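The values are calculated or read from the model by the stated rules, or taken from the named source; none is laboratory data. Predicted model only: the values in this text are computed from it and were never measured. With ideal geometry, Cβ positions are generated from the backbone for all residues, glycine too; neighbour counts draw on all protein chains shown. These area figures cover heavy atoms from the full protein model, side chains too; ligands, DNA and RNA do not enter into them. Shrake-Rupley method; radii C 1.70, N 1.55, O 1.52, S 1.80 Å.
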Amino acid sequence: MLATIQSAALQGIDAVPVQVEVNTEERGEPKLVLVGLPDAAVKESDDRVVSALGNSQFKLPHFRTTINLAPGDIRKEGPIYDLPIALGLLAATKQMSPNLLRDYVVAGELGLSGEVRPIRGALAMASLAKQMGKKGIILPFDSAAEAALVDGLSIIGVRSLQHAQLFLDERIPPPEAPTIDLKAHAPSGHGIDFSEIKGQANVRRAVEIAVSGGHNLLMVGPPGSGKSMIAKRIPTVMPEPKVDEFLELLRIYSAAGHTVHGSLPFLQRPHRAPHHTISDVGLLGGGSVPGPGEVSLAHHGVLFLDELPEFKRSALEVLRQPLEDGEVTISRSAGKITLPCQFMLVAALNPCPCGYLGDPKHECRCTPTQIQRYRSRISGPLLDRIDLHVEAPAVTFDELRSEAPGESSAEIKKRVEAARQRQRQRMPKGSNACNARMSHRQIREFCRLDKAMADLLQKSMEELSLSARAYDRVLKVARTIADLEGDPELREDHLFEAINYRTLDRNVFY
């Protein structure tokens with residue numbers, strides 16, 4: 001008898017349909033044959049399924065059984081086909097009614113005892129089930145909560161193979177659908193605040209501008225000046241993501257397996273801080289079957305690279321496309337995927353290998369050759385894609401001892417949200433609602449310069465040898481500064497401050 005069950009396969013952060021066909025033949029020796037381009041984990045499904053069937057008091061097939069995962073040109077990976085294969089075997093051997101199977105997408109990993117274990121990509125599979133017009137989706141109970149974020153779909157969370165069989169045989173009512181309240185998942189507090197930062201008024205100002213417009217930020221300063229401390233607090237001044245942004249982010253985390261054994265992330269912007277030993281694949285994404293990397297996990301949030309020159313040159317150079325396009329395309333033998341990665345890059349570095357070049361209280365022991373080699377690890381094209389460069393000097397003793405609290409994250413956040421609101425009102429509906437993502441046409445429309453400002457920018461470009469890309473980014477930063485001050489038009493002081501944030505790379509690196 002032939003039984004067909006609808007399942008899915010992950011391609012990046014999206015799911016594509018996969019049909020699980022189970023056919024039993026009343027001939028030949030008892031044997032399971034699995035075809036359909038499975039990987040090693042899928043090939044091991046027959047052992048898990050046979051043990052789960054036996055330990056759940058079901059009869060095993062007594063004849064040759066062929067299991068086909070269609071279409072055959074898509075690589076199948078992971079243990080997500082255990083549950084649909086087991087249910088297909090039950091239907092093909094007439095131990096379960098096949099009537100309800102056509103109404104659901106099924107995915108889940110089986111333990112040897114028959115328990116159903118969580119999987120990655122549940123949210124993407126639920127979205128696929130809705131697109132296909134299915135009544136619902138049958139998933140492991142621990143994966144059902146994220147799938148429940150898809151409206152208009154029946155979510156069946158099962159704890160065991162026997163539980164799924166009883167539901168499909170209509171011997172028990174549908175399990176209670178899990179629910180999740182996104183407002184309940186909003187962070188009650190980050191536990192850290194900008195008021196804890198001592199001194200560094202210039203850096204705080206640069207952070208506020210960067211967050212308001214979604215600009216990339218580079219901080220240069222000696223060890224202990226507070227660069228990492230400031231970077232950790234940047235998410236506290238960022239607006240909470242909208243629901244659609246959070247769902248997109250959750251799809252990325254689910255596809256990467258971060259929600260399999262943990263709870264759902266809070267409704268907040270991500271802050272990713274990979275170690276400088278990270279590989280190109282770990283940063284950009286990829287693998288034999290392409291998946292999200294750190295740049296995608298930082299989508300709608302912050303990617304913090306501490307000690308920037310210590311990262312491998314090849315790892316830093318792969319950031320060029322993500323920084324420019326807001327997405328990354330990965331091609332492998334298993335397929336080609338495009339992942340979103342609209343993140344805010346925050347980088348920190350020392351001015352030299354020892355960190356004390358230019359520090360009035362510490363002597364720099366680096367030779368000119370060492371300094372040049374250290375600085376050359378960061379290419380000009382990468383620096384060109386960082387909008388604001390700011391110096392973070394060492395904090396004085398008086399600043400450290402001061403008990404006067406600095407401005408809180410909540411106060412900064414109010415100004416940031418007001419600036420973002422002005423950008424949303426100005427941008428066409430449905431377009432990127434932050435200045436860092438403005439197109440060339442939008443720059444010409446919203447960043448008009450009078451003759452005095454045009455002369456100032458021309459002189460600055462000639463003296464600082466700024467590129468055409470830097471020209472656009474200076475105008476975008478100036479537009480953000482004007483938005484923070486509530487000005488509808490650019491003024492000369494806005495432009496001057498934006499230009500000032502482009503001088504550090506020339507002074508330090510060239």
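Under 5 Å from the amide H of GLU327 lie the amide H atoms of CYS341, each residue being 5 or more positions distant or on a separate chain, with H modelled from the backbone and absent for Pro and chain starts. When each of the peptides 443-451, 9-17 is scored by the mean number of other C-beta atoms lying within 10 Å of its residues, the order from highest to lowest reads 9-17, 443-451. The apolar share of the surface of the chain, taken as the fraction of accessible area on carbon and sulfur atoms (1.4 Å probe, ligands and nucleic acids excluded), comes to 49 percent. Other residues within the sphere of radius under 12 Å centred on the Cβ of GLU411, judged by their own Cβ, net out at 0 (K and R +1, D and E -1). Relative to the longest principal axis of the C-alpha atoms of the chain, give the angle of the C-alpha long axis of helix 409-426, reported between 0 and 90° and rounded to the nearest 10°. Helix 409-426 sits at roughly 80 degrees to that axis.
Between GLU363 and HIS275, the C-beta separation translates, for a Förster distance of 45 Å, into a calculated FRET efficiency of about 0.95. The distance separating the Cα centre of the range 336-410 from that of the range 411-464 comes to 25 Å.
Angle of helix 122-131 to the longest C-alpha principal axis of the chain, folded into 0 to 90 degrees and rounded to 10: 70°. The slack between GLN370 and PHE63, meaning 0.36 nm per residue of separation minus the straight C-alpha distance, is 103.3 nm. Helix 451-464 and the longest principal axis of the Cα set of the chain meet at an angle near 80°. Its Cα gyration tensor gives the range 190-312 an equivalent ellipsoid, and the semi-axes of that ellipsoid, as √(5λ) in whole Å with the largest first, are 26, 19, 12. Just to confirm a number: summing +1 for Lys and Arg and -1 for Asp and Glu over residues other than ALA147 whose beta-carbon lies under 13 angstrom from that of ALA147, what do you get? For residues surrounding ALA147, the net value is +1. Legend: calculated FRET efficiency, GLN131 to GLU462, from the Cβ-Cβ distance at R0 = 51 Å, rounded to 0.05, equals 0.40. Estimated purely from DSSP H runs of n ≥ 4, each contributing -39500 (n - 2.57), the mean residue ellipticity at 222 nm for the chain is -10500 deg cm²/dmol once divided by its residues.
Using alpha-carbon pairs under 8 Å, 6+ residues apart, how would you state the relative contact order of the chain in percent?
Value for the chain: 13 percent.
Inter-part distance, the range 67-145 to the range 206-271, computed on C-alpha centroids, equals 34 Å.
Rolling a 1.4 Å probe over the protein heavy atoms leaves THR369 with an accessible area of roughly 80 Å². For the range 428-457, the residues whose amide N sits under 16 Å from a probe point set 7 Å from the Cα of THR338 along the beta carbon direction are 432.
Solvent exposure of the range 198-258 amounts to 29 Å² per residue of accessible area, where only protein heavy atoms count and the probe is 1.4 Å. Exceeding 29 Å between C-alpha atoms, which entries from my cross-link table qualify? They are LYS414/LYS476; LYS413/LYS459; LYS31/LYS130; LYS413/LYS451; LYS232/LYS361. Flagged as over cut-off: LYS413/LYS459; LYS31/LYS130; LYS413/LYS451.
Normalised per residue, the accessible area of the range 359-502 is 56 Å², obtained with a 1.4 Å probe and no contribution from ligands, DNA or RNA.
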